[in-house]
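The values are calculated or read from the model by the stated rules, or taken from the named source; none is laboratory data. Being a predicted model, the structure only gives us computed values, none of them experimental. Note that we place each Cβ from the backbone using ideal geometry, even for glycine, and neighbour counts take in every protein chain shown. Ligands, DNA and RNA are stripped out before the accessible areas are found, and what is left, the full protein with its side chains, is counted by its heavy atoms. Shrake-Rupley method; radii C 1.70, N 1.55, O 1.52, S 1.80 Å.
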Amino acid sequence: MGVLSGPVTVCIDRPLLALDRPFTYDLPEELGAGLGSVVQVPFHGRATRAWVLGGTDDVPERMLRVRKLVSAVRSFDERSLALFRAMSERYVAPLATVIGRAVPPRIASEETSIGTPPPRGSPLRALGTSPIEAYRDGPRLLEALRAGQGGAFVVRPAPTDEADAAVTCVGATLAAGLTAIVIVPDADPVPATAGAVVDAFGDDAVMFLGGDKRVRYRTWLEIAAGRYRVVVGTRPAVFAPLAELGLIYVHREGHPQHRDERSPSYHVRDVARMRAEIVGAVSVLSAFCPSLEATARDHVLVEPAVRPWAPVEVVRPGPEGRSPRLIRALRTATRAFVFEPLRGYGVARICRSCGEPAACASCLGMLRLERGSVRCVVCEAPGRCASCGATDFGIARRGAERVEEWARGVAAVPVSLIGRDDPPRAPIEREVLVGGVEALKDVGSPGLDLVAILHADASLRRPGVDARERVLVTWFEAAAWARSDGRVIVQTDAPNDPAVQALVSGRPDRFRRAEAPRRAEAGFPVGSPVFRVTGGAELDRELAALEPETLLSSSVGGATICLVALDAARVPGFGAEMRRLAAAGIVTRVEAEPHL
Ligand SMILES: [Zn+2]
Ligand SMILES: [Zn+2]
């Protein structure tokens with residue numbers, strides 16, 4: 001940890017685009033501060049927190065002094081700073097915001113209790129041979145890890161190999177004397193893959209997910225002190241301060257939770273690649289159905305040489321979404337999952353008092369019957385007719401509650417419904433489980449007789465630029481619950497839809513080839529960064545001058561909101577312009593990768 005003195009640049013802890021530039025201060029040597037130190041500086045007359053970014057020769061005429069060192073702990077090293085700068089540029093976010101996301105909040109009392117790290121755990125257990133070795137380009141991935149030579153890989157594991165793929169990659173990395181990060185989309189329940197990695201590497205591994213602030217900061221300090229060789233965690237784990245990093249592995253890379261909803265609204269799959277490139281590590285994006293974004297950039301695809309999936313049968317839905325083939329399959333299934341994306345028992349069609357089409361009296365939204373009561377799906381108000389105020393409706397029966405009801409009359413084993421508030425789980429032995437997307441977590445590979453996917457068509461019609469892709473990812477995750485000699489039945493009126501065809505063939509690339517032109521046509525080509533910019537009346541004109549690929553504007557309550565898509569190579573110039581416009585008061589907010 002080098003100590004700096006004299007003129008240094010700092011990042012002021014004021015997360016504003018208009019202030020997003022380095023400021024120069026004089027750093028007294030006796031403070032013992034260096035790159036990544038948290039210090040206190042006078043800024044616009046106030047004592048303000050700042051991070052030391054490094055020495056500088058570019059000295060202004062008047063230079064204030066750094067007042068004090070706030071903590072002996074360094075928040076980042078040179079390579080982490082390179083990552084934060086790359087993120088600040090890519091997401092047009094203040095560097096202070098990025099650092100604030102990447103480094104957990106300090107808890108001073110924890111800093112004194114970290115002693116010297118205990119010796120590293122037992123020598124590695126020998127891991128058995130892995131099915132990944134027989135995958136197409138599996139040996140190439142393992143060789144890259146063992147040789148510590150970096151590279152970008154996309155892994156499409158067989159359902160039974162999902163956890164093993166992660167364990168094998170981490171094992172190969174550790175064998176090379178390097179460290180590894182495994183990122184999972186959620187903490188509760190802990191995904192089976194996360195559990196498998198921690199079990200395999202014992203004391204060398206740590207979970208960095210959930211927990212209170214104190215525990216998180218202590219774990220972060222321990223990681224920085226070199227206590228662990230494997231970090232398993234949610235999004236923030238991508239920043240884990242591990243030295244000698246050899247692997248960043250993103251599990252279920254298409255999961256929506258891998259995107260941070262707050263600024264800098266990064267996607268962990270992109271940050272994993274950025275960091276891996278900066279430190280020369282391997283990045284692995286793993287998914288049953290890799291996203292268009294994951295496959296848009298150069299990568300090596302690693303997948304089984306033979307199809308490991310259950311055959312997928314496509315049938316027409318039949319009355320009330322019950323095809324005869326599905327009914328027959330449910331009669332004999334002993335362990336099955338019925339994926340019904342719609343909640344509740346049905347939707348209100350007409351008002352029984354006045355005969356008008358049913359709509360919410362408060363907001364004209366759709367009314368749904370769920371758990372015995374009718375409510376608006378938009379504003380959640382109790383169901384009252386918009387025309388006459390009555391509360392009695394004709395209901396069109398559809399949704400998970402209705403499916404549970406009819407499945408009971410068909411199945412030979414008990415049927416249950418998994419609700420939104422129930423912990424996600426797979427069906428137990430002798431059970432048919434009905435549920436939506438909330439149920440579909442990584443619970444290991446349950447190996448079911450039957451997986452049925454209902455309402456496929458309604459799912460594919462959802463609005464949103466990437467809605468179809470999300471649906472397909474969900475279907476693949478559902479289908480992965482079937483054992484390889486089990487059955488998957490999809491009910492659809494559109495058997496030739498590219499998404500349905502991708503599922504049937506087990507080839508997501510078919511879908512991607514059809515979907516990429518659709519995205520380009522909509523103005524948001526895959527791989528082109530998108531920003532939502534909020535500002536004043538001049539914003540539209542200023543952005544048009546930058547000649548982006550796509551520019552959509554709207555006015556909301558006096559503010560102008562613009563959606564901008566532009567070529568990746570032009571983002572740095574765009575960011576510089578946004579910072580200038582922020583300083584001029586024309587831009588008030590920039591959000592990267594908004595939901596479209
Ligand atoms: Zn309503
Ligand atoms: Zn009415």
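The table that follows gives values for the structure above.
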| quantity | calculated |
| --- | --- |
| Those helices (runs of 4 or more DSSP H) lying entirely in segment 1-113 with at least 2 residues under 30 Å from residue 574 (Cβ atoms) | 78-90, 95-102 |
| Residue 407 being under 30 Å from residue 323 (Cα atoms) and within 12 Å of ligand 1 (Cβ to nearest atom) | no |
| Condition check for residue 344: among the small types (Gly, Ala, Ser), surrounded by 13 or more Cβ atoms within 10 Å (Cβ to Cβ), touching a Gly at 6+ places or on another chain (Cβ under 7 Å) and not in a strand (DSSP E or B) | yes |
| Candidate set from segment 202-213 (those that are within 18 Å of residue 241 (Cβ to Cβ) and surrounded by 13 or more Cβ atoms within 10 Å (Cβ to Cβ)); member that is modelled with the lowest pLDDT | 211 |
| Segment 72-91 residues that are free of Cβ contacts under 8 Å to residues at least 24 places away in the same chain, paired with ones that are acidic (Asp, Glu) (beta carbon under 7 Å, 6 or more apart) | none |
| So residue 320, is it open to solvent by 40 Å² or more (accessible area, probe 1.4 Å), outside any loop (DSSP other than H, G, I, E, B) and charged (D, E, K, R) | yes |
| Inter-residue pairs, beta-carbon under 7 Å, first among the hydrophobic types (A, V, I, L, M, F, W, C) and in segment 354-372, second more than 11 Å from ligand 1 (Cβ to nearest atom) and open to solvent by 40 Å² or more (accessible area, probe 1.4 Å), 6+ apart | 354/387; 354/388; 358/349; 358/350; 369/345; 369/395 |
| Pairs where the first residue, in segment 373-393, is among the acidic types (Asp, Glu) and the second is more than 9 Å from ligand 1 (Cβ to nearest atom), C-beta under 6 Å, 6+ apart | 392/352 |
| Matching option when the condition is surrounded by 22 or more Cβ atoms within 10 Å (Cβ to Cβ) and not in a helix (DSSP H, G or I), among 473, 490 | 490 |
| Selection count, segment 351-390, where residues are in a strand (DSSP E or B), within 13 Å of ligand 2 (Cβ to nearest atom) and either at pLDDT below 95 or open to solvent by less than 80 Å² (accessible area, probe 1.4 Å) (or both) | 5 |
| Residue count, segment 1-48 (criterion: more than 20 Å from residue 111 (Cβ to Cβ) and in contact (Cβ under 8 Å) with a residue 40 or more places away in the chain) | 18 |
